[in-house]
Amino acid sequence: MTRLLVCGIAVMDYVHRVDVLPMTEGKHRSTSFDRIGGGCAANAAVGAARLGAHVTLMARLGMDTTGDELAAMLAGRGIETALTRGGRTPLSSILIDGRGERMIVNFPGANLPTDPPPVPNTDVVLSDCRWPEAAEAVLHAAKTNGIPSVLDGEKYTPAPLAALADHVVFSAPGLRDFSGIDQLDKALADASVRLPGHVAVTDGPDGVRWGDGLHVPAPRITPVDTLGAGDLWHGAFALALGQGRDRVAASRFANAAAALKCTRAGGWDHYPTLHELETA
């Protein structure tokens, strides 16, 4: 079984479903509500585990009841954890409209520890940018040990951190923020020149485009819920690299996993399993 180390943020999500995302101030009514686990790294970890990886999640949780609950939720889904505890656990309030699009307000936690735990042995690493000290440690370890590494390129991605990864896969907003360029093809070309590894951007139904011209389109679907799909993409892609697949095969695998998730409403328990993906 492929060992995947995921590093970054775990969050408790408060999810409201609404007919239309609010455009004005005032009171707004939701049609349903869920309290579920989330966060870039935690979502990727759970998604990769459901696809067959042996996953260790390196994350920070507060010394509070929310942190206790989130740690139990991860353990209940077969995720090994390398946690540091202190301060207040990150939270997000999320609105999802009838088209599956979302609006997120994130509280990143407060007074969380900065020093990471020791980096465990693994076959591949994936990190977001939410815990820079730990991300730097795991990316350096991957380089030292000659194993693949992937960085989730969100908004506010530091260039020195991105330069440590073999593969930097940006979201469209993350790439625009990193490059300062609005047009995605020009932004991708700019980032590819600035970074030594493989650079890509995921853009929903367009699939993934790589800086060297490789384009792997996404399956055509009718989305129901896009929450967590990008994080799942990163987890699936890293798992595939750890299994020895090339970028094309890994991108196709990740595209298929994320697309299947988008056809389902709900959190971690609705992420696709490997069997579901193979028989879809």
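Structural remarks
- Candidates in the stretch 179-213 are the residues that are modelled with pLDDT of 95 or more and touching a Pro at 6+ places or on another chain (Cβ under 9 Å); of these, the one that is farthest from L161 (Cα to Cα) is G207.
- Among the residues of the stretch 69-104, the ones that are touching a Ser or Thr at 6+ places or on another chain (Cβ under 7 Å) and at pLDDT below 95 come to 4 in all.
- The condition of being touching a residue at least 60 places away in the same chain (Cβ under 8 Å) and either in a helix (DSSP H, G or I) or under 19 Å from the mean Cα position of the chain (by Cα) (or both) holds for only one of V193, V150, that being V150.
To keep it simple, each residue is scored yes or no on (1) surrounded by fewer than 24 Cβ atoms within 10 Å (Cβ to Cβ); (2) closer than 28 Å to L239 by Cβ; (3) without any contact (Cβ under 8 Å) to a residue 60 or more places away in the chain.
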residue: H54; (1), (2), (3): yes, yes, yes
residue: L91; (1), (2), (3): yes, yes, no
residue: M103; (1), (2), (3): yes, no, no
residue: L112; (1), (2), (3): yes, yes, yes
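- Odd one out for T222 among (1) farther than 26 Å from A10 by Cβ; (2) at pLDDT 95 or above: (2)
- Test: residue in the stretch 3-11 that is buried (at least 19 other Cβ atoms within 10 Å of the Cβ), free of Cβ contacts under 8 Å to residues at least 60 places away in the same chain, in contact with a Gly (Cβ under 7 Å, 6 or more places away or on another chain) and not in a strand (DSSP E or B): no
- Residue within the stretch 108-118 that is in a helix (DSSP H, G or I) and acidic (D, E) present: no
- Considered as a group, the residues in the stretch 225-280 that are closer than 15 Å to T202 by Cα and in a loop (DSSP other than H, G, I, E, B) include one that is farthest from the chain's Cα centre (by Cα), and that residue is T226.
- Unmet criterion (only one of (1) modelled with pLDDT of 95 or more; (2) surrounded by fewer than 22 Cβ atoms within 10 Å (Cβ to Cβ)) for R17: (1)
- Within the stretch 239-253, the presence of at least one residue that is without any contact (Cβ under 8 Å) to a residue 24 or more places away in the chain and either surrounded by 23 or more Cβ atoms within 10 Å (Cβ to Cβ) or under 28 Å from M12 (Cβ atoms) (or both) is confirmed.
- With respect to (1) of a type in the set (S, T, Y); (2) in contact with a strand residue (DSSP E or B) (Cβ under 8 Å, 6 or more places away or on another chain); (3) surrounded by fewer than 19 Cβ atoms within 10 Å (Cβ to Cβ); (4) in a loop (DSSP other than H, G, I, E, B), the lone exception for T157 is condition (3).
The values are calculated or read from the model by the stated rules, or taken from the named source; none is laboratory data. Predicted model only: the values in this text are computed from it and were never measured. FYI the Cβ positions are ideal-geometry reconstructions off the backbone, even for glycines, and counts take in every protein chain you see.
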